[in-house]
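Asker: Before I ask anything, let me first share the structure, which is written out below as structure tokens.
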Amino acid sequence: MMATDWTEFRLGQLVRLTSGQSPSGFRFGVAGKPYFKVDQLGKATKYLGRRSTPYLSDALPSVPEGSVLIAKRGGAIALNRVRILAEPGFMDTNVMALTPTEAIESEFLYYWLAYRRLWDIADVTSVPQINNKHINPMRIALPPLAEQRS
């Protein structure tokens, strides 16, 4: 397929955004869904799962497997912390999940965000931040799903 088959979208049309919550509201134990702090994004490679974090809870809300987690506050933005959930999980307030719709593959989104560099889209103030106003209007050109998968 050729690049002419690609269609441009606003990223907000292709993902559901979920911000994390403070861990003080959750009880952690030895079972349940994994909970990720921004620190765990730096200790993993591409995929995050229960082996990537010591925090597990039965009472967590969750975002689905395949959601792409990004650092959304602080110095981890400059380190380009982008990871994919290998199983349903949740995250703290310094992390945001981008859950892909059926139009975009998780891996394609992961590589696109990693290439795009989080620092380039953040408000760079004393505490760098990324929020919905940065993600939703971003323009992304998508090839057909088969090409995204390859």
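Asker: Take the residues in region 64-101 that are under 10 Å from the mean Cα position of the chain (by Cα) and outside any strand (DSSP E or B), then tell me which one is farthest from H134 (Cα to Cα).
Answerer: Across region 64-101, the extreme among qualifying residues is G66.
Asker: Just one of L79, L85, L69 is closer than 17 Å to K46 by Cβ, open to solvent by 50 Å² or more (accessible area, probe 1.4 Å), of a type in the set (A, V, I, L, M) and free of Cβ contacts under 8 Å to residues at least 60 places away in the same chain; which is it?
Answerer: It is L79.
Asker: Report, by residue number, each residue of region 88-98 that is touching a residue at least 60 places away in the same chain (Cβ under 8 Å), out of contact with any helix residue (DSSP H, G or I) (no Cβ under 8 Å at 6 or more places or on another chain) and open to solvent by 10 Å² or more (accessible area, probe 1.4 Å).
Answerer: T93
Asker: So, T101, is that one in contact (Cβ under 8 Å) with a residue 12 or more places away in the chain, touching a Lys or Arg at 6+ places or on another chain (Cβ under 8 Å), among the β-branched types (V, I, T) and open to solvent by 50 Å² or more (accessible area, probe 1.4 Å) or not?
Answerer: Spelling it out, T101 is indeed in contact (Cβ under 8 Å) with a residue 12 or more places away in the chain, touching a Lys or Arg at 6+ places or on another chain (Cβ under 8 Å), among the β-branched types (V, I, T) and open to solvent by 50 Å² or more (accessible area, probe 1.4 Å).
Asker: Does region 106-120 contain any residue that is in contact with a Gly (Cβ under 7 Å, 6 or more places away or on another chain), in contact (Cβ under 8 Å) with a residue 40 or more places away in the chain and surrounded by fewer than 14 Cβ atoms within 10 Å (Cβ to Cβ)?
Answerer: No: region 106-120 contains no residue that is in contact with a Gly (Cβ under 7 Å, 6 or more places away or on another chain), in contact (Cβ under 8 Å) with a residue 40 or more places away in the chain and surrounded by fewer than 14 Cβ atoms within 10 Å (Cβ to Cβ).
Asker: Follow-up. Here is a check on your reading of the model: is P61 farther than 27 Å from A141 by Cβ and either part of a strand (DSSP E or B) or at pLDDT 95 or above (or both)?
Answerer: No; evaluated as a whole, the condition is false for this residue.
Asker: Here's a follow-up. Quick test for you: out of L69, L56, L79, L11, pick the one residue that is farther than 27 Å from N136 by Cβ and hydrophobic (A, V, I, L, M, F, W, C).
Answerer: Matching residue, one of L69, L56, L79, L11: L56.
The values are calculated or read from the model by the stated rules, or taken from the named source; none is laboratory data. These numbers were taken from a predicted model, which means no experiment stands behind them. Every residue, glycine among them, receives a Cβ derived from its backbone with ideal geometry; neighbour counts consider all protein chains shown. Ligands, DNA and RNA are excluded from the accessible area calculation, which covers all protein heavy atoms including side chains. Shrake-Rupley method; radii C 1.70, N 1.55, O 1.52, S 1.80 Å.
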